[in-house]
Amino acid sequence: MQKLEMIYEGKAKRVFATDDPELLIVDYKDDATAFNGIKKGTIAGKGVINNQMSNRLMQRLERAGVPTHFVEELSERETLVKRVQIVPLEVIVRNIAAGSFAKRYGVEEGIVFDEPTIEFSYKNDELGDPLINSTHAIALHLATVDELNTIRNYAFRVNEVLREFWASCGITLVDFKLEFGRLSDGTIILSDEISPDTCRLWDSVTQEKLDKDRFRRDLGGVEDAYAEVMRRLREHDV
Ligand code: UDP
């Protein structure tokens, strides 16, 4: 597999073409941003952790029946993935109130929901990723009715699988963001990454935050938190 030209550089990853038109190489950086790019920094070692963590979680999800873009881990920071056209929606599943949910509805962080919730944001940096409902997403041709049903079902399945796995690691899965893509034949698969950058993970006993909120909120110990989550994943992902 030959790594060819860079075709995209995002906030946390670079994406390269390969000699196979259906495959890309993702290269994870240590750069971190928050609040739509206003806050910038680096989290040493994050790229390695997010690459390895995302790959292990995606392989677990594949085994549970959720198709993903994962093909092969090539190095500490690089992974071969299936090329997709990204559905421009951030799919957010929540088990516990936190972040923008707590702020929007004026509730405390930490309220445990009876049932998980799902919401979509329109992936558009200029507009600041506004919340969008499914009828608006369909009206804007961001996804079809069938695609949204598939995405919703996969997102809740991901929640079941990951919630159980993280619980076995002594970690509470508070909420997370997923992105889906279409293969060239239109099949919907899970894409992007699953990591402490995209999930809220709280220690089950102490409630300590073990995710990107440590960076967003200047809580300190960011590197240690990411390393601790990875250590627990390695210990329990056998
Ligand atoms: N999230 C993300 N990327 C975004 C926005 C949110 O990965 O651009 C994740 C975030 O880490 C959290 C979940 O989605 O695990 C819900 O985030 P929320 O809507 O509460 O927004 P935030 O408080 O992070 O702005």
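Could you identify the single residue in 195, 191 that is among the small types (Gly, Ala, Ser), within 16 Å of the ligand (Cβ to nearest atom), touching a His at 6+ places or on another chain (Cβ under 9 Å) and closer than 23 Å to residue 49 by Cβ?
Exactly one residue qualifies, and that residue is 191.
Residue-by-condition table, conditions (1) within 16 Å of the chain's Cα centre (by Cα); (2) surrounded by fewer than 18 Cβ atoms within 10 Å (Cβ to Cβ); (3) among the acidic types (Asp, Glu); (4) farther than 30 Å from residue 141 by Cβ:
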{"position": "20", "(1), (2), (3), (4)": "no, yes, yes, no"}
{"position": "25", "(1), (2), (3), (4)": "no, no, no, no"}
{"position": "73", "(1), (2), (3), (4)": "no, yes, yes, yes"}
{"position": "84", "(1), (2), (3), (4)": "yes, no, no, no"}
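Candidates 157, 234: the one that is open to solvent by 20 Å² or more (accessible area, probe 1.4 Å), away from the ligand (no atom under 13 Å from the Cβ) and within 23 Å of residue 79 (Cα to Cα) is 234. Would you be able to say whether some residue in the stretch 175-184 is touching a His at 6+ places or on another chain (Cβ under 6 Å) and surrounded by fewer than 22 Cβ atoms within 10 Å (Cβ to Cβ)? No - not one qualifying residue is present in the stretch 175-184.
Residues that are in contact (Cβ under 8 Å) with a residue 12 or more places away in the chain, over 28 Å from residue 127 (Cα atoms), in a helix (DSSP H, G or I) and in contact with a Leu (Cβ under 7 Å, 6 or more places away or on another chain) are absent from the stretch 72-93.
For the stretch 99-134, filtered to residues that are near the ligand (Cβ under 10 Å from one of its atoms), in a helix (DSSP H, G or I) and among the small types (Gly, Ala, Ser), the residue that is surrounded by the fewest Cβ atoms within 10 Å (Cβ to Cβ) is 100. In summary, residue 70 fulfils each of the numbered conditions (1) within 16 Å of the ligand (Cβ to nearest atom); (2) aromatic (Phe, Trp, Tyr); (3) within 21 Å of residue 234 (Cα to Cα) with the single exception of condition (1).
Exactly one residue out of 43, 49 is hydrophobic (A, V, I, L, M, F, W, C), open to solvent by 20 Å² or more (accessible area, probe 1.4 Å), within 16 Å of the ligand (Cβ to nearest atom) and modelled with pLDDT of 95 or more, and it is 49. Annotation note: of 8, 28, the sole residue that is over 30 Å from residue 164 (Cβ atoms) and of a type in the set (Ser, Thr, Tyr) is 8.
For the stretch 188-235, enumerate the residues that are in contact with a Leu (Cβ under 6 Å, 6 or more places away or on another chain) and among the small types (Gly, Ala, Ser). Passing the criteria: only 225.
It is to be established whether one or more residues within the stretch 173-180 are assigned to a strand (DSSP E or B), within 15 Å of the ligand (Cβ to nearest atom) and over 27 Å from residue 15 (Cα atoms). Within the stretch 173-180 (the criterion being assigned to a strand (DSSP E or B), within 15 Å of the ligand (Cβ to nearest atom) and over 27 Å from residue 15 (Cα atoms)), the answer is yes, since at least one residue qualifies. For residue 34, are the conditions met, namely being in contact with a strand residue (DSSP E or B) (Cβ under 9 Å, 6 or more places away or on another chain), closer than 20 Å to residue 216 by Cα and open to solvent by 10 Å² or more (accessible area, probe 1.4 Å)? No, not satisfied. Only one of the numbered conditions (1) within 16 Å of the ligand (Cβ to nearest atom); (2) in a loop (DSSP other than H, G, I, E, B); (3) among the charged types (D, E, K, R) is not met by residue 214, and that is (2).
The values are calculated or read from the model by the stated rules, or taken from the named source; none is laboratory data. Since the structure is predicted, the reported quantities are computational estimates derived from the model, not experimental observations. Note: ideal-geometry Cβ built from the backbone for every residue, glycine included; neighbour counts use all protein chains shown. Note: areas computed on protein heavy atoms with side chains; ligands, DNA, RNA excluded. Shrake-Rupley method; radii C 1.70, N 1.55, O 1.52, S 1.80 Å.
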